[in-house]
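One structure is given here, and the rest of the page talks about it.
The values are calculated or read from the model by the stated rules, or taken from the named source; none is laboratory data. Nothing here was measured: the structure is a model prediction, and the numbers come from that model. All Cβ positions, even for glycine, are placed from backbone atoms using ideal geometry, and neighbour counts span all protein chains on display.
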Amino acid sequence: MTATSNAIKQANIAGLAASDKIAENIVALDVSELMPLTDIFLLASGRNERQVSSIADEIEDKMLEAGFKTLRREGKELGRWILIDFGDIVCHVMHEEDRMYYSLERLWKDSPVIKLDVSVN
């Protein structure tokens with residue numbers, strides 16, 4: 001099983017939104033084989049709490065404009081790791097220090113990387 005075309009479309013919208021706010025290290029992982037609840041994890045980093053919040057806000061705004069509703073959001077108050085669940089994709093917007101510490105790419109290393117149609121910083 002691989003990520004659906006709808007999930008890939010959502011990941012591209014979210015990835016472009018993150019890129020617009022100068023997010024770094026934008027990566028989309030196809031977790032559909034290992035995680036029955038979602039198809040894609042989108043990871044993006046910010047340099048400080050304000051940028052992390054700005055990236056998350058932009059992702060939510062662009063996804064809503066495209067017709068995809070936020071199902072759940074966590075971590076907005078601290079701005080260190082904001083998780084935004086859209087159902088088919090889950091966006092992890094993280095402070096670069098937290099991203100290195102938790103190393104989600106290492107935890108999900110068996111998941112294929114999805115090539116996004118955005119300029120990745």
Take T70 and tell me if it is outside any strand (DSSP E or B), modelled with pLDDT under 95 and either farther than 16 Å from L104 by Cα or within 14 Å of the chain's Cα centre (by Cα) (or both). no
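When you look at R99, is it touching a residue at least 60 places away in the same chain (Cβ under 8 Å), assigned to a helix (DSSP H, G or I) and either farther than 17 Å from K9 by Cβ or touching a helix residue (DSSP H, G or I) at 6+ places or on another chain (Cβ under 9 Å) (or both), yes or no?
yes
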Report whether or not L43 is closer than 17 Å to L107 by Cβ, free of Cβ contacts under 8 Å to residues at least 24 places away in the same chain, in contact with a strand residue (DSSP E or B) (Cβ under 7 Å, 6 or more places away or on another chain) and not in a loop (DSSP other than H, G, I, E, B). no
